[in-house]
Structures are given as C-alpha cells and as structure tokens.
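The values are calculated or read from the model by the stated rules, or taken from the named source; none is laboratory data. Note that the structure is predicted; figures quoted are calculated from it, not measured. Cβ: placed from backbone, ideal geometry, glycine included. Neighbour counts: every protein chain shown. Note: areas computed on protein heavy atoms with side chains; ligands, DNA, RNA excluded. Shrake-Rupley method; radii C 1.70, N 1.55, O 1.52, S 1.80 Å.
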Amino acid sequence: MKHLVQSLRMLVVFTLLTGMIYPLVVTGLARALFPTQSAGSLVFDAGGNQPVGSALLAQKFTQPKYFWPRPSAGDFATLPSGASNKGPTSVDLVKAIADNREKFGAAAPVDLLTASGSGLDPHVSPAAALLQAARVADTRKIPRERIEALVKKFIEPPQLGLFGEPRVNVLLLNRALDEMR
Amino acid sequence: MTNARDGLQLALFLAGLLALTPWLGGFMARVFNGERHALSPLLGWAERGIYRLGGVEPAREMSWQNYLGALLIFNVAGCLLLLAQLMTQAWLPLNPAHLPNLPFPLALNTAVSFMTNTNWQAYAGENTMSSLTQMAGLAVHNFTSAATGIAAALALVRGLVRKQTNNLGNFWVDLTRATLYVLLPLSLLFALALAQQGVPQTLGANVDATTLEGATQTIPLGPVASQIAIKQLGTNGGGFYGQNSAHPFENPTPLTNFLEILTIFAIPSALVFMFGAMTGDRRQGWTIWAAMCALFLAGFAVLWWAELQPNPVAGLPVSLEGKEVRFGQFGTALFATVTTDASCGAVNAMHDSFSPLGGLVPLLNMMLGEIIFGGVGAGLYGMLMFVLLTVFIAGLMVGRTPEYLGKKIEAAEIRWAVVAVLAPAVVILLGSAATLLYPEALKSLNNAGPHGLSETLYSYVSAAANNGSAFAGINANTDWFNYTLAVVMFIGRFAIIVPVLAIAGGMARKKASPQSAGTFPTTGATFTGLLLAVVLIVGALTFFPVLSLGPIIEHFLMLQGRAF
C-alpha cells in the first residue's frame, strides 16, 4: 500500500518533470536557437508567405518538367507515410521494380527502382538526378547543359566530408528550376 | 558502394564509444554510490525536492523483495495510467489534430509496450497520438522504463558487491538519480543537437503546404526532438512517426544518424564500465564489455556484407528498398545492428526489406537475449545472468565450487538464472507457433514463403526481447497480435527482472572469500571467450531450427531466383 501511494506520487512528479518541463524547455530553447529547423524546415514560395513544403520531406512530382523523387510505397502521404516492407523474395517487389524500370528507363540507378524507407525520402542520388536532366530540359526547352549544371550545383557532398552519401534534394532543385530564367 | 569513408566512420564510432564509456560510466558510479559529482551542486535541490514530493525517505534501504515490490507496483501503476490516458486522449488538451481515443486492445498493447521499454508500435504516431499523449504519456515512459532498467541493474550489482546484508539500495532513489542526473541532461543536449539539424519541436498544429504542382501536403509537426532524444538514449525506440528514424523529421541528416546510433550504445556500454568500477576491479567490466563488442562487430560485419550483395530475384546489384539515400548502406547497416544489439528498436530502414541474411542478424541479435550492450540496464543484468551460467559451467569443468567476485554460486542462483535466460525463448517459440497455427492471424502477413515465417517470428522475438523493431509489413494492430504481444512483452521484461532481483538478494547475503590460486579468474580473454561460447551455444541451440526455416532457406531460394 505504501508502495502504491509512493508510486502514484512519483508518477505525478515524473510526468511533470519529463513529460511537461523537459519538452517545454526543449521547445523554448529550440524555438529561440533554431527557429527555422524546429518549425519543420519549411520552404516558402517566391513571395515568402505560402509554404510549398518542407526541405526535409519529399513531395509528389509527376509533371515531366520537374525532377521526380524516389518511389514512395505510401504515394507521398504524410499522415502517415509508409514503406513497402516487401521482402527480398517478394513477387510484388519484383513487379514494383519492373514498373519503376519502365518509368525511369533501363539506366536508372537503384534508388529510383526501389521505394524509400520513410516514403518521404527527400533525396535522390546524383546519378538519379542527372538521368532525369534530359527529360526536364526537353520539356522546359532549356539547354540540357544548363539543367545539368544546376543539378551539379545541388549535389550535397557527404556531411562534414565524412557522413552519409552524396545526394540531391529534389524539392530544392525543382524550386530552383522554377526560378530559372 | 563501399569506400574509405565507411571505414573511417566505423573507426570514429568505436573511438566515440570508447571515449564515452569510462567518462559516463565513471560518472554513473559516483551518482549511484551517492557520492558528490559534477551535477550535484546544480541539481541536488531538485533531487531532494522530488523525494519530498514523492514522500520518499532516501536513506532507507530496501531488501530484494521490497525493491522488487516498489519496482513492480510503480511500473504497473504507470502502465494503467497510460492506458487510461490513451483511451481518453480525445477529451484531453494539446490535441491539435483532434485525434480520437484509442480502442482497448491497441491501448493495452501500447501501454505495456512503453512500460516494458519495448516500444513495439502497432500504430503510426502521426495519425494516432496527440501531442499530449506523445510528450506527457509515451515520453514519460521512455524515461521511467529506462530508469527502471538501470535500477534493476544497480540492485544486482549491489547484490554482487555487498556482503552479508539484505540491503540493495532504494528503488526510488535509483529511479530519481537515473532520470535527473543521467537521462534528462543527456536528452536535453541531444534534443537540441537534433533540433539544430532539423528535427521539429512544436506544440502547435500541423502546417498545410501547397506543393509546386499545386497539391496540398500536410507537414506533420509536434514535440519531436525531445522525444527522439530519449527514444535513443533510453534504448526505447518508439518513434514519433510510424517510419521511425527513417522519417526525415526524426533523422534528417547523416550526422543525426551517426549520433542516434552512438546514443543507443552510450548508456548500456557505460553501465558495464560502472559495474567494473563498483566491483573495485575495472577489468571485471572490460571483460564483459569485450564479449559484447565482439558480438556487435561480428553481427555488423555479416549484416553489412549481406546488404552489399546483389538480389538475383529482383535483378538488383544491391538493394535500397526500404532504405534512405542520405544514410547509404553503411549508415543503414550500422543502425540496424546497434538498434537490435541494444534493445532499442528504433529503425532507420525497413528491416522487412533487408536481404535474408541481413534480416537474420537483427533477429539473432535479439534472440541472444539483448545482451550485446543491450537495453539500458537490461543489457547489463541480462549479460550478468550469462556470466553466472559461465562461471557455473567453468566450475563444473574444473571440478570446483563456482565463485563470482569471491562469492559462491549455488543451486538457487543457477535456477533463477536459467529462468531468466529461457523464459524469453519459451514465449518466442510458443507465440510464433501459436500464430502459425491460427489462420486468422496469418492474414496479417505482408510477405509469403519463408519470409512470412520470418515476419511472424520477428514480431515475437522483438516483443520478448523488449526491442520493439519489426518486420513492419505485418499488420500488428489486430486483437490477436495486440493481446499476445502484450503478454509476451510483459513476460520478456519481468520474467528476467524477478530472477535478477532474487539473485541480487541471495548474493547480497553471502560472505565473500578472498581469491586463492584455485579461484577461476573472471577477467581476461579466456573468460571473455567462455562467456561468448555460452551465449552463442544457448542462442544457437534454441533458435537454429526456426532460423533455418526462415531467413536461411530464404537466402538459398533467393540465390535460385525463387519469388513468392
């Protein structure tokens, strides 16, 4: 009985401490120190008012004038997002990869053939972006060299020269495309 | 797909772990011995305040029965409160997305899951849990379940170290110190680092964006950074979002990925050092640490290699299905190994889509009992069960009474240790077998053929090991899985904690005899080797048959080009 009373009192104390004070302190500090990042790294339109997305989340692109992100098993839904969770010997996986190969061509790198883990992978590999440069250039009637130059500008190297893989953020690249004159 | 940077990252990871371990471990030894430490001037008043508010007498020591009673009642009461909160969240504040109450089976599963440090999730947080539930319900259990693990480990260490006493410390004091001096400060620092890299931390509503193609995209926000920090540090693993650390909002950059991996191992590894420090012979800690590190490196090597192999069925030179470009194969393989070594269960890629052998490693890591650094506290006490078995077996081989740290290991201890080692295996195999016999349950599977067996097995292994990761294709939000997995998680947690505390109580009462020339040494490479052998033999004998029917046969069928 004594343990039960102590348990309930301690649960109240711990809920206040770790469930209210801690997240509120983090919220206050994060908002003050990193206002952009803590609010979801939103990307705004040219006017700077209307959010067009988050720099960290893929969004659906189907028009040929844009670069396309990696396949998303949840079709880029965010509430919730999803992966295929198909195993390595799945017939469904084999079919999905064949479909993606048809969509992106025989030369498509692996990241364009396979669905991402988050369903919202904001990046593609540099090869996957360069592969799409021809389509984008043709649709927009812009010389391909200019598009490829833009892609190369958007290749992010491994972080601090060490962590992760080189990659291209599709939304940021597409926004820069729209601003191209 | 491999390059020099991968080797450098691995070296940096090991260096970081080796630097953190004695620093944090030494700090924890001071904290839990009640000595003065760096944070006592800053937070000592808060510690005393918590005792006053909680009605706790910190100087009062507890017997093992008392300690266990406090631990169990605290956990069960917390579980019931969380259950109530989940089933009433629609009527509580801070629910900007107007999410409904959870139905009982899912609420029960989730409450047990978070109470037992498992964080198995049969739901996706972004469309299920309100902001209040996430921070004042789930995240609280991230702290208390981790602190409970540390407390149980401390009681065992005191039982081994102290002589001729019934006193194992005070549960409330251990719980408070673990939270206030270890979990909270580290979480605060890590949460801010995550926020700097792009993990959101808001209390407002989601934001609707208009995409470049004119569609509406809801940006799901909330108090994410504060939760992800403790999710990693407390080896909880319960994501804010359904896709966990694969979601760019939980793990936005390769740097956060590296830090999230390191923070999983930080406390479990430091606790092993702390154990050595508390015994007065640090080699006792490093000997166990070496066995853990060897198992970690072996598992990582196999998983990484397996993920770099081609998939002839799908016609891929290497697979990125279920993985994220920013992490690459290395960052994915390291995360998957570490999260299943420690009973964290956060994932930065979908283990369901790994190659057969790449998926076998996480399974085996968990099957070995979450003792490869393991869960916060749980890894240390779990491994100490194997240490007692090893001492016992070595004693039988040389024909002497087995002793550990100068104390005799007798029949009672070995009986309890065997319960702790075998209980998870029993519920894993019974749970999986029952599921396979129940056609209704098999409708939850997302894959056919041997992979379907692996998917089922993984669920029960993860639950019993209190890991919480999944072969996530399985639809776990059914009555069958919600109820059976809740039972398995409960047994996986407390069928180990009860024996651990019983052993702690029994060992504390014993006399210690001085070491003699005939004492079997429990430090050094020989003992590390013996310990590894015992861990692997127990794990392999128990699980090899079912592994051969799941991932191993799938591997050979994949090489033959078979699909299901």
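For region A:41-179, what is the accessible area per residue in Å², given a 1.4 Å probe and the full set of protein chains?
Values: 5440 Å² over 139 residues.
Roughly 39 Å² per residue, with all protein chains present.
So what is Rg over Rh here for the protein assembly as shown, counting just Cα atoms and using Kirkwood for Rh? Show your work: numbers first, answer last.
On the way: Rg = 25.5 Å, Rh = 26.1 Å.
When Rh is taken as the Kirkwood radius, the ratio is 0.98.
Relative to the longest principal axis of the C-alpha atoms of chain A, give the angle of the C-alpha long axis of helix A:22-33, reported between 0 and 90° and rounded to the nearest 10°.
40 degrees
Taking a point 7 angstrom from the Cα of B:E57 along the C-beta vector, which residues in region A:1-38 have backbone N less than 17 Å away?
Under 17 Å, as judged by backbone N against the label point of B:E57, lie A:1-7 of region A:1-38.
With the dipole of the protein assembly as shown worked out from charges on the C-beta (+1 for Lys and Arg, -1 for Asp and Glu) around the Cα centre, which of A:T62, A:I21, B:M278 lies farthest toward the positive end?
So the residue furthest toward the plus end is B:M278.
Span-like helices, chain B: DSSP H, alpha-carbon axial extent 18 Å or more, mean Kyte-Doolittle 1.0 or greater, which ones?
Within chain B the helices that satisfy the rule are B:4-32, B:64-88, B:139-161, B:184-197, B:254-279, B:378-398, B:411-436, B:479-508, B:525-547.
Taking +1 at the Cβ of each Lys and Arg and -1 at the Cβ of each Asp and Glu, which of B:Y67, B:G399, B:T211 sits farthest along the dipole of chain B towards its positive end, judged by Cα position relative to the Cα centre?
The Cα lying farthest towards the positive end belongs to B:G399.
Pairs of Cα atoms under 8 Å, at least six residues apart: use those to get the relative contact order of region B:159-239, whole percent.
Details: 70 pairs, mean separation 22.1, N = 81.
27 percent.
About its Cα centre, what dipole magnitude does the protein assembly as shown give when the only charges are +1 on Lys and Arg Cβ and -1 on Asp and Glu Cβ, stated in debye to the nearest 20? Each step should come with its number before you reach the end.
Details: 45 positive and 39 negative charges, 304 e Å.
Dipole size: approximately 1460 debye.
Compute the long axis of helix A:91-104 from its Cα atoms, compare it with the longest principal axis of the Cα atoms of chain A, and write down the angle in degrees, 0 to 90, nearest 10.
Rounded to the nearest ten degrees, it is 50.
Counting partner chain Cβ atoms within 10 Å of every residue's Cβ in B:61-72, what's the average? The partial results should precede the final answer.
Details: counts 0, 0, 0, 0, 0, 2, 0, 0, 3, 6, 2, 2.
That average works out to 1.
List the GluC sites (Glu not before Pro) within region B:197-299 that DSSP assigns to loop and that have no more than 16 neighbouring Cβ atoms inside 10 Å. Can you show the working numbers first?
Working: sites: B:E213, B:E250, B:E260; in loops: B:E213, B:E250.
Filter output for region B:197-299: B:E213.
Identify the trypsin sites (Lys or Arg not before Pro) of region B:396-471 meeting these criteria: DSSP loop state and at most 10 other C-beta atoms within 10 Å of the C-beta. Could you put the intermediate results ahead of the total?
On the way: sites: B:R400, B:K407, B:K408, B:R415, B:K443; in loops: B:R400, B:K443.
Answer by residue number: B:K443.
Taking the alpha-carbon centroid of each part, what is the distance from region B:313-341 to region A:20-81 in angstrom?
24 Å
Which net charge results when you count Lys and Arg as +1 and Asp and Glu as -1 among the other residues whose beta-carbon is under 15 Å from that of A:D138?
Numbers: positive: A:K65, A:R135, A:R140, A:K141, A:R144, A:R146; negative: A:E145, A:E148.
That works out to +4.
Defining a contact as two alpha carbons under 8 Å apart and six or more residues distant in sequence, what relative contact order in percent does chain A show? Each step should come with its number before you reach the end.
Details: 211 pairs, mean separation 34.5, N = 181.
Dividing the mean separation by the residue count of chain A yields 19 percent.
Taking H placed 1.01 Å from N in the peptide plane, check which residues at least 5 places from B:L316 or on another chain put their amide H under 5 Å from its amide H.
Correct list: B:N311.
Accessible area per residue for chain B in Å², computed with a 1.4 Å probe and the full protein assembly in place, what is it? Display every interim value, and only then the final one.
Working: 17500 Å² over 564 residues.
Using a 1.4 Å probe on heavy atoms only, each residue of chain B averages 31 Å².
Might you report the magnitude of the Cβ-based charge dipole of chain B about its Cα centre, with Lys and Arg at +1 and Asp and Glu at -1, to the nearest 20 debye?
On the way: 25 positive and 25 negative charges, 392 e Å.
With Lys and Arg at +1 and Asp and Glu at -1, about 1880 debye.
Once Lys and Arg get +1 and Asp and Glu get -1 on their Cβ, which of A:L120, A:A98, A:L172 lies farthest toward the positive end of the dipole of region A:41-179?
A:A98
Where the accessible area of region B:146-298 is counted over protein heavy atoms with a 1.4 Å probe, how much of it, in %, is carbon and sulfur? Walk me through the intermediate numbers first.
Details: 1700 of 3110 Å².
Here carbon and sulfur together make up 55 percent of the probe-accessible area.
Using unit Cβ charges (K, R positive; D, E negative) and no other charged atoms, how large, in debye to the nearest 20, is the dipole of region B:255-370 about its Cα centre? Show your work: numbers first, answer last.
Working: 4 positive and 8 negative charges, 54 e Å.
Using only the charged Cβ atoms, the result is roughly 260 debye.
Of the trypsin sites (Lys or Arg not before Pro) in region B:491-552, which ones lie in a loop per DSSP and count no more than 10 other C-beta atoms within 10 Å? Before the final figure, lay out the partial values.
Values: sites: B:R493, B:R509, B:K510, B:K511; in loops: B:R509, B:K510, B:K511.
Qualifying residues, ordered by number: B:K511.
Calculate the radius of gyration of the Cα atoms of region A:41-179 to one decimal place, then report Dmax, the largest Cα-Cα distance, as a whole number, both in Å.
Answer for region A:41-179, Rg first and Dmax second: 15.3, 49 Å.
If you count, for each residue, the other Cβ atoms within 10 Å and average over each peptide, how do B:90-97, B:242-249, B:539-546 line up from highest to lowest?
Sorting B:90-97, B:242-249, B:539-546 by mean packing, highest first, produces B:242-249, B:539-546, B:90-97.
Over chain B, what is the mean sequence separation of C-alpha contacts under 8 Å (at least six apart), divided by residue count, expressed as relative contact order in percent? All intermediate terms of the calculation are to be shown ahead of the outcome.
Numbers: 1018 pairs, mean separation 109.4, N = 564.
Value for chain B: 19 percent.
How would you rank B:353-364, B:548-559, highest first, on the average number of other Cβ atoms within 10 Å across their residues?
Per-residue mean Cβ counts within 10 Å order the peptides as B:353-364, B:548-559.
Can you give the accessible area buried between chains A and B, summed over both chains, with a 1.4 Å probe, in Å² to the nearest 100? Don't jump to the answer; show the numbers that get you there.
Working: alone 11940 and 21590 Å², together 25160 Å².
Summing both sides, the interface buries roughly 8400 Å².
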